[in-house]
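Q: Dumping the structure here so I can ask a few things about it.
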Amino acid sequence: MTTAPSTFRVPLPDTLVDLLGKRVIDLPAPELELGLLREDVRAAYDRVRAQSPEAQVVVRRCRDLLNDPDGDGFAVLEVGPLLDHYGLDEGQKAATILLSWLGRPLRAFDKWPLWKPLGTNLTIDPMRATGSGYNPLHIDVVNATEPPDYSALLCVRPDPRGEGYSLVSQLRRAVDRLSESERAFLAEEAYHDGAFYDLTGVGKEYDPFPVLDGLSASEGFVRFTAKMLPDMDLHDPHTSAVRALERELIAEQKKFLLGFGDLIVVNQHLCVHGREPLGGGQEEVPEERRRLLWQMFLRAAKADA
Ligand SMILES: [Fe+2]
């Protein structure tokens, strides 16, 4: 299996693709206020959903996949037809409209546009989102008091070398498989992860943070990132507890390729994500042909947070 299993895929009915194509030009641009989609813009986008039974079916299916506490906490929307039919600019706006039906679009990074381009840079740390190596399992903006509720990645250009598999794993089930003493260490405010600056809409810096905050999956987070492991003391039991959690996450992880137009949405309260290395010989691939994803976040509406 190379693409995501069909259980997790959400195709768009042709009628919905047509409707979005007709409406996208006249709908307002996705203007932001304090890093979030402006309320009047969100309301205009939502009127399209309210008028379309097909849109409501798609939204219900996504919400079931994303928010069922016993589910896997992710969905892959097939938005390729939006990009194919309407081009990258209008197609991106149509994808924004679609995502705004699942949560409120959130930019988080002040220095980037709402959709942050994640190209492939061979000169930076390979484990970073725009690197070419193994990007270990993590949630995004882990060291914030309010990490984004959902993280979305739209594949605009897959790795021409055919690799860079996406990884996802269900956090809550992995935590349940740990010992009580491991969970006790993870509940201590003893963990650090990198810098925190130029961010809006994600609360304050949380440093040190606990991996387990003791809250339910609808409110709290499992603040896990394997990227903090290389800087941790091997002899500290807090480190062993994180390693145990990583082992459980890897043991049950799902692995698949995102194709052109695949939009993966991950509920960060339930699910971590990562990426396997891109294929070899990236140096011979011109930069404008290397893998390109667009990233955006969503803030859950209060009722379904
Ligand atoms: Fe990420």
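The values are calculated or read from the model by the stated rules, or taken from the named source; none is laboratory data. Every value quoted in this text rests on a predicted model; they were computed, and no experiment measured them. Reconstructed Cβ throughout: ideal geometry from the backbone, glycine too, with neighbour counts over all protein chains shown.
Q: Residues PRO113, PRO160: which one is within 17 Å of the chain's Cα centre (by Cα), over 25 Å from PHE221 (Cα atoms) and at pLDDT 95 or above?
A: Details: PRO160 fails: within 17 Å of the chain's Cα centre (by Cα).
The unique qualifying residue is PRO113.
Q: Let me confirm something: among VAL142, VAL211, VAL175, which residue is surrounded by 14 or more Cβ atoms within 10 Å (Cβ to Cβ), more than 19 Å from the chain's Cα centre (by Cα), modelled with pLDDT of 95 or more and β-branched (Val, Ile, Thr)? It would help to see each step written out before you state the result.
A: Working: VAL142 fails: more than 19 Å from the chain's Cα centre (by Cα); VAL211 fails: more than 19 Å from the chain's Cα centre (by Cα).
When all the criteria are applied, what remains is VAL175.
Q: In addition: Looking at this structure, is PRO136 assigned to a strand (DSSP E or B), in contact (Cβ under 8 Å) with a residue 40 or more places away in the chain and farther than 25 Å from ASP89 by Cα? Step through it out loud before you land on a result.
A: Working: assigned to a strand (DSSP E or B): yes; in contact (Cβ under 8 Å) with a residue 40 or more places away in the chain: yes; farther than 25 Å from ASP89 by Cα: yes.
Here the answer is yes, as PRO136 does meet what is asked.
Q: Further question: Which of (1) in contact with a Leu (Cβ under 9 Å, 6 or more places away or on another chain); (2) in contact (Cβ under 8 Å) with a residue 24 or more places away in the chain; (3) over 26 Å from PRO5 (Cβ atoms) is the odd one out, the single condition GLN51 does not satisfy?
A: (2)
Q: Suppose we keep only residues that are away from the ligand (no atom under 16 Å from the Cβ) and not β-branched (Val, Ile, Thr) within region 122-147. Which one would you say is farthest from LYS204 (Cα to Cα)?
A: Pass one, region 122-147, residues away from the ligand (no atom under 16 Å from the Cβ): 122-123, 145-146.
From what is left, the residues that are not β-branched (Val, Ile, Thr) are 122, 146.
Working: LEU122: 32, GLU146: 7 Å.
For region 122-147, the residue satisfying everything is LEU122.
Q: For a quick check of your reading of the model, give me the residue pairs whose first member lies in region 240-252 and is of a type in the set (A, V, I, L, M, F, W, C), whose second is surrounded by fewer than 15 Cβ atoms within 10 Å (Cβ to Cβ) and part of a helix (DSSP H, G or I), with beta-carbon atoms closer than 7 Å and at least 6 apart or on different chains.
A: From residues that are of a type in the set (A, V, I, L, M, F, W, C), the pairs are VAL242/LEU229.
Q: Quick check: anything in region 241-250 away from the ligand (no atom under 16 Å from the Cβ), in contact with a Lys or Arg (Cβ under 7 Å, 6 or more places away or on another chain) and either in a strand (DSSP E or B) or not small (Gly, Ala, Ser) (or both)?
A: yes
Q: Let me ask something else. Would you tally the residues in region 148-169 being more than 16 Å from the ligand (Cβ to nearest atom) and either more than 17 Å from PRO136 (Cα to Cα) or buried (at least 18 other Cβ atoms within 10 Å of the Cβ) (or both)? Step through it out loud before you land on a result.
A: Residues of region 148-169 more than 16 Å from the ligand (Cβ to nearest atom): 156-163.
If we keep only those that are either more than 17 Å from PRO136 (Cα to Cα) or buried (at least 18 other Cβ atoms within 10 Å of the Cβ) (or both) too, we end up with 156-162.
Residues flagged as more than 16 Å from the ligand (Cβ to nearest atom) and either more than 17 Å from PRO136 (Cα to Cα) or buried (at least 18 other Cβ atoms within 10 Å of the Cβ) (or both) within region 148-169 amount to 7.
Q: Further question on the same structure: Of GLY274, GLY279, GLY261, which residue is modelled with pLDDT of 95 or more, within 16 Å of the ligand (Cβ to nearest atom) and among the small types (Gly, Ala, Ser)?
A: Working: GLY279 fails: within 16 Å of the ligand (Cβ to nearest atom); GLY261 fails: within 16 Å of the ligand (Cβ to nearest atom).
Unique residue meeting the criteria: GLY274.
Q: Determine, yes or no, whether LEU229 is within 16 Å of the chain's Cα centre (by Cα) and either within 15 Å of the ligand (Cβ to nearest atom) or within 29 Å of GLY119 (Cα to Cα) (or both).
A: On the way: within 16 Å of the chain's Cα centre (by Cα): no; either within 15 Å of the ligand (Cβ to nearest atom) or within 29 Å of GLY119 (Cα to Cα) (or both): yes.
No.
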